[in-house]
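The values are calculated or read from the model by the stated rules, or taken from the named source; none is laboratory data. Note that the structure is a prediction, hence the values are computed from the model and not measured. Note that we place each Cβ from the backbone using ideal geometry, even for glycine, and neighbour counts take in every protein chain shown. Keep in mind that these areas ignore ligands, DNA and RNA; they rest on the heavy atoms of the full protein, side chains included. Shrake-Rupley method; radii C 1.70, N 1.55, O 1.52, S 1.80 Å.
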Amino acid sequence: MERSAVSGGLQPNYLLYPSRTSSSLPFSDHRTRLPNFSPPPSLSLKLQKQVSSCFKAVSPFKRGAAFSDTHSETLELADIDWDDLGFAYVPTDYMYTMKCTKGGNFSKGELQRFGNIELNPSAGVLNYGQGLFEGLKAYRKEDGNLLLFRPEENAMRMIMGAERMCMPSPTIDQFVDAVKATVLANKRWVPPPGKGSLYIRPLLMGSGAVLGLAPAPEYTFLIYVSPVGNYFKEGVAPIHLIVENELHRATPGGTGGVKTIGNYAAVLKAQSAAKARGFSDVLYLDCVHKKYLEEVSSCNIFVVKGNSISTPAIKGTILPGITRKSIIDVARSQGFQVEERPVTVDELLDADEVFCTGTAVVVSPVGSITYKGKRVSYGEEGFGAVAQQLYSVLTKLQMGLIEDKMNWTVELS
């Protein structure tokens, strides 16, 4: 018997016993057998074996939609309502973990059954907030193959954030390899084409015990996944933002430009107050002049005027969003003039269109902005023409519906 990372004490680690048959495993019947699956050769040999064992170690599936793919006659998807996916946590089958000590390198990662993890009460992440996270998605194509969108960009952003937070980080190859393995092990949780995506959440945290203020002595890299639909309850309908000019998300010289966990807890107060008043979210201003746009709680902002698209420049207080970066490239390829520069509230209020971008929201049209009691509307019907054009191109790329001339997607089969 091995001690599993899944809560419940000593229990079999089925990934270490691939010869066990599914009938011997005490898993509920919402787990499914995925026949004749072969992991891609790009994964390390160890991860190929672990991914293969995941598909051997799950029990028969009694209900759910059947889906054809290139490796088997049918792939039975998880038994959930794919037409009613929101952006909420749904437990899946497997997670990925990898550890290293301070000053060391990550190695020997492995897939484990999804479940609770153990942390010392004195862990650096719990006491001093030494932690980062990433977010990316996997989409299912019509042929059953899966697509990742720019995972190496997430890996590079985690490396940058880890340096700021005094943590070691997985290499780009380790990060991407781990993402591939986790997605493939949870393949049945990737929604059918057009029904949503599999949200992938990599975490990096100081898991070692530390009492005095100092970097933790041990670090854990973990990936879990969850099927998701639209982030905002409005779906692709316009969202309504309020400009916050008292509370601030980030300060110069701080950590606003990296994806550290504390950045998100800091916005909850203003966000909760805004939602209680009927707004979708909050748009933050710079903390020095209080007139330049920064970002929304969890996404970047774009302002459209004629053929020009402006977005706040990355200067240390704004997260360098991967969807933001992609939209800029798509917009330029479509003939728009894109400027990364300081953008004032006055420009925002005079815009033709406003939209937000992020991994979770992809592209979300802004229907109105409220600033100091004044409400400016940009259209209540849906996407503006520019946002619609950019959203269409980007999502078709992400879902494999058009040729990927940017070389942004990674296909898994």
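Given (1) surrounded by fewer than 19 Cβ atoms within 10 Å (Cβ to Cβ); (2) at pLDDT 95 or above, identify the lone condition not met by Trp82.
That leaves (2) as the condition not met.
For region 265-272, check the following and say yes or no: at least one residue is surrounded by fewer than 21 Cβ atoms within 10 Å (Cβ to Cβ) and hydroxyl-bearing (Ser, Thr, Tyr).
Yes: one or more hits.
Out of region 211-234, which residues are open to solvent by 20 Å² or more (accessible area, probe 1.4 Å) and assigned to a loop (DSSP other than H, G, I, E, B)? If you could, list the steps in order and put the result at the bottom.
Our first condition is that a residue be open to solvent by 20 Å² or more (accessible area, probe 1.4 Å); within region 211-234, this holds for 211-215, 217-218, 224, 230-231, 233-234.
Selection gives Leu211, Gly212, Leu213, Ala214, Pro215, Pro217, Asn230, Tyr231, Lys233, Glu234.
Conditions (1) aromatic (Phe, Trp, Tyr); (2) touching a Pro at 6+ places or on another chain (Cβ under 6 Å); (3) modelled with pLDDT under 95; (4) more than 19 Å from Ala237 (Cα to Cα), marked per residue:
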site: Val376; (1), (2), (3), (4): no, no, no, no
site: Glu381; (1), (2), (3), (4): no, no, yes, no
site: Ala387; (1), (2), (3), (4): no, yes, no, no
site: Leu390; (1), (2), (3), (4): no, no, no, no
site: Val393; (1), (2), (3), (4): no, no, no, no
site: Leu397; (1), (2), (3), (4): no, no, no, yes
site: Ile402; (1), (2), (3), (4): no, no, no, yes
site: Trp408; (1), (2), (3), (4): yes, no, no, yes
site: Ser413; (1), (2), (3), (4): no, no, yes, yes
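Can you name every residue in region 290-320 that is open to solvent by 40 Å² or more (accessible area, probe 1.4 Å), small (Gly, Ala, Ser) and more than 23 Å from Ala155 (Cβ to Cβ)?
Gly306
Can you pull out the residues in region 332-379 that are hydroxyl-bearing (Ser, Thr, Tyr) and open to solvent by 10 Å² or more (accessible area, probe 1.4 Å)? Show your work before the answer.
First pass over region 332-379, keeping only residues hydroxyl-bearing (Ser, Thr, Tyr): 333, 344, 357, 359, 364, 368, 370-371, 377-378.
The answer is Ser333, Thr344, Thr359, Thr370, Tyr371, Ser377, Tyr378.
Let me spell it out: the conditions are (1) of a type in the set (Phe, Trp, Tyr); (2) within 21 Å of Gly135 (Cα to Cα); (3) touching a residue at least 60 places away in the same chain (Cβ under 8 Å), and Tyr371 meets all of them except one. Which number is the exception?
In the conditions (1) of a type in the set (Phe, Trp, Tyr); (2) within 21 Å of Gly135 (Cα to Cα); (3) touching a residue at least 60 places away in the same chain (Cβ under 8 Å), Tyr371 misses (2) alone.
Collect the residues in region 389-412 that are open to solvent by 40 Å² or more (accessible area, probe 1.4 Å) and touching a residue at least 12 places away in the same chain (Cβ under 8 Å), keeping them in residue-number order.
The answer is Gln389, Tyr391, Met399, Met406, Glu411.
When you go through Ala250, Ala216, Ala270, Ala178 one by one, which is the residue that is within 20 Å of the chain's Cα centre (by Cα) and touching a residue at least 24 places away in the same chain (Cβ under 8 Å)?
Only one candidate passes the filter, namely Ala178.
Looking only at region 83-94, decide whether some residue is assigned to a strand (DSSP E or B) and not polar (S, T, N, Q). Reasoning before the result, please.
To start, the set of residues in region 83-94 that are assigned to a strand (DSSP E or B) comprises 94.
Next, only the ones that are not polar (S, T, N, Q) stay: 94.
Yes, region 83-94 contains at least one residue that is assigned to a strand (DSSP E or B) and not polar (S, T, N, Q).
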